[in-house]
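One structure is given here, and the rest of the page talks about it.
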């Protein structure tokens, strides 16, 4: 019951989705359409589960006073504040339980939820990812060493693509005559991306695709059961 | 280890400082290096140019502020391009923050295009989870997935959505994608299942893996990859913006990274020689 | 007052930008606080948007406005609630039913779509006449495309030992993969620098007013 029924559900649903591709008529087409619609709703609950789980994990860390626990208080407070603002006055387009909060909008220019999004969250997110610019530069100096044929190929491709993807690349080889246009850096970069890069990525894509198809079949047939967790 | 050899020689914070300065200075003192267009971006431009006025297109905002500097400029230009060609824009988002990214552009364009009417020329249908499965359901019946727009208005009441039942009534889909779900899912469903043209813009990180879709099958009709492509697109539609102004800084930073690679390699080989001599 | 909050917003944004960048010097409480605020706000945002954009329009509104026509939506609603029971350890096994639903649908859809888009269509796109292209650059490129794809796929075949002719072919495949990874590094560097440009456009433009945004 606890393990067999979920396996049967997976088998039936997976099979219906596949069959409906080849027999799109009733009943398969209709059932498949309903399943897709339900998927969206269940995905919504899955997202809610994720956020509640984050809340629970942080709450427990604070409760048991784990290392750095005061920082988790900050996480929980931020979460509660954002959710409260959203529930009370809604988002840019949706009303909350207290309506749209026009008086607040008149004071601070936005709804509180959007104010936090535009002035805090948006910048935190963008800055967090931009940190990688510094680390990639440092990595280029420390680890990007030509030692073998493979690393040479990797390095040369990287340098040519980097040069070709800037205005500097156009300026550096812009003087070349039309007969040598294939040596123009943006052309070289385009060539690498269009042919050898596509070949390599396509090989990965086909390999990963075959792997995914195999995994999907194993899941539908009940051979792969790790997603059920537990014993 | 090579990494150890080089890391002993310089505190990496100096590298950080150099990168910071090399990006900041060209933003203040503009050089104005030329911009050259590539085939993939021209294909995107041509797709919009060849779309008949009055057609309806889906622009999917599948990114968040973390990728905004790369994708926002191309999304802005695409929206301007569509409005100039009188193409009706239906906005969707597979990422929740995409909704606000689109609204931010909409607010700016309201000033630039005062004749643009919400519900007639533009609509934002909001965020839906579920990635590929949701797109597949959308392709069969739009209304089951998007019963309302972001304001809660039923899509049956919106003039722009009149006659839009599924992908048959859409000219093309353009996804601005920072990862998964995103452009890959749009290709797999919208083009490969429903046969509609798909184009879009991606972050530089995901570009190499998406490029195989630009092929003779036209799984993707062109692709804009990163800030450089955004600048090319701005150049093609003659609307220079944030991408164009960032290209000088991009060029200088790339050059600096290449210099780092060269210095790193010289140091490595020098140290290797020293070690070899010491061992003799 | 409105102006005050506008200015405050820009300063808050600058403050948190430096909060995150302070990590470049070394890990510190200012960074940690900024990081945790980022996590908390992000989770809150997802929570609210899921309710307003999925659960209300696709579930609660149809059920409340026209229950007779939409009662079938009770099934995903119940499955969704069962999913939330994952949070209660003693009855978390109940969540296996909605999980099996999600996994079954995903597996079915993935099976079909990846087979067509990432396998069949990619093979078709590779099965071209490389000499049918015009100038020699295109012909060379197309030869590389065909050879690179085939040898790359051979490299991923691990059921046979990579030796002899098979090993040489796999080695050529590795070379193509290396060029591809190099190109990916180039694009990644470009992407990361773009993000830094975005930040500096904010700091120098919106915050300091040194440049026109």
Does residue A:213 satisfy the condition of being modelled with pLDDT of 95 or more and crowded, with 21+ Cβ neighbours inside 10 Å? no
Quick check on residue A:50: is it under 16 Å from residue C:95 (Cβ atoms) and more than 7 Å from chain C (Cβ to nearest Cβ)? yes
Top-ranked residue in the range B:147-166 [being under 28 Å from residue B:67 (Cα atoms) and surrounded by 23 or more Cβ atoms within 10 Å (Cβ to Cβ); ranked as nearest to the other protein chains (Cβ to nearest Cβ)]: B:150
Checking the structure you have, find out if any residue of the range C:91-99 is within 20 Å of residue B:139 (Cβ to Cβ), facing chain A (nearest Cβ under 7 Å) and either within 29 Å of the chain's Cα centre (by Cα) or not in a helix (DSSP H, G or I) (or both). no
Taking residue B:114, is it out of contact with any helix residue (DSSP H, G or I) (no Cβ under 9 Å at 6 or more places or on another chain), in a loop (DSSP other than H, G, I, E, B) and without any contact (Cβ under 8 Å) to a residue 12 or more places away in the chain? yes
Any residue that is in contact (Cβ under 8 Å) with a residue 40 or more places away in the chain and facing chain C (nearest Cβ under 7 Å) - is there at least one of those in the range A:197-204? yes
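One line per residue, one yes/no per condition, for (1) surrounded by fewer than 20 Cβ atoms within 10 Å (Cβ to Cβ); (2) in a helix (DSSP H, G or I); (3) touching a strand residue (DSSP E or B) at 6+ places or on another chain (Cβ under 9 Å); (4) at pLDDT 95 or above:
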position: B:199; (1), (2), (3), (4): no, no, yes, yes
position: B:211; (1), (2), (3), (4): no, yes, yes, yes
position: B:219; (1), (2), (3), (4): no, no, yes, yes
position: B:233; (1), (2), (3), (4): no, yes, yes, yes
position: B:243; (1), (2), (3), (4): no, yes, no, no
position: B:247; (1), (2), (3), (4): no, yes, no, no
position: B:265; (1), (2), (3), (4): yes, yes, no, no
In this structure, is residue B:179 in a loop (DSSP other than H, G, I, E, B) and within 24 Å of residue B:68 (Cβ to Cβ)? yes
Residues located in the range C:170-194, provided they are surrounded by 18 or more Cβ atoms within 10 Å (Cβ to Cβ), more than 7 Å from chain A (Cβ to nearest Cβ) and either closer than 29 Å to residue C:129 by Cβ or in contact with a strand residue (DSSP E or B) (Cβ under 7 Å, 6 or more places away or on another chain) (or both): C:170, C:184
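Residue by residue, here is whether (1) touching a residue at least 24 places away in the same chain (Cβ under 8 Å); (2) touching a helix residue (DSSP H, G or I) at 6+ places or on another chain (Cβ under 9 Å); (3) closer than 26 Å to residue B:243 by Cα; (4) within 12 Å of chain C (Cβ to nearest Cβ) holds:
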position	(1), (2), (3), (4)
A:142	no, yes, no, no
A:145	no, yes, no, no
A:166	no, yes, yes, yes
A:173	no, yes, yes, no
A:176	no, yes, no, no
Only one of these is surrounded by fewer than 17 Cβ atoms within 10 Å (Cβ to Cβ), in contact with a helix residue (DSSP H, G or I) (Cβ under 7 Å, 6 or more places away or on another chain) and assigned to a helix (DSSP H, G or I): C:75, C:37, C:48. Name it. C:75
Looking across the range A:71-103 at residues that are in a helix (DSSP H, G or I) and in contact with a strand residue (DSSP E or B) (Cβ under 6 Å, 6 or more places away or on another chain), the single one that is nearest to the other protein chains (Cβ to nearest Cβ) is A:87
If we scan the range B:178-197, do we find a residue that is under 17 Å from residue C:198 (Cα atoms), assigned by TED's automatic domain parsing to the domain that holds residue B:57 and touching a residue at least 12 places away in the same chain (Cβ under 8 Å)? yes
Screening C:61, C:85, C:55 for residues that are at the interface with chain A (Cβ under 7 Å from one of its Cβ atoms) and surrounded by 13 or more Cβ atoms within 10 Å (Cβ to Cβ) leaves only C:55
Given the condition under 16 Å from the mean Cα position of the chain (by Cα) and more than 30 Å from residue C:108 (Cβ to Cβ), answer yes or no: does some residue in the range B:208-224 qualify? yes
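The values are calculated or read from the model by the stated rules, or taken from the named source; none is laboratory data. Note that the structure is predicted; figures quoted are calculated from it, not measured. With ideal geometry, Cβ positions are generated from the backbone for all residues, glycine too; neighbour counts draw on all protein chains shown.
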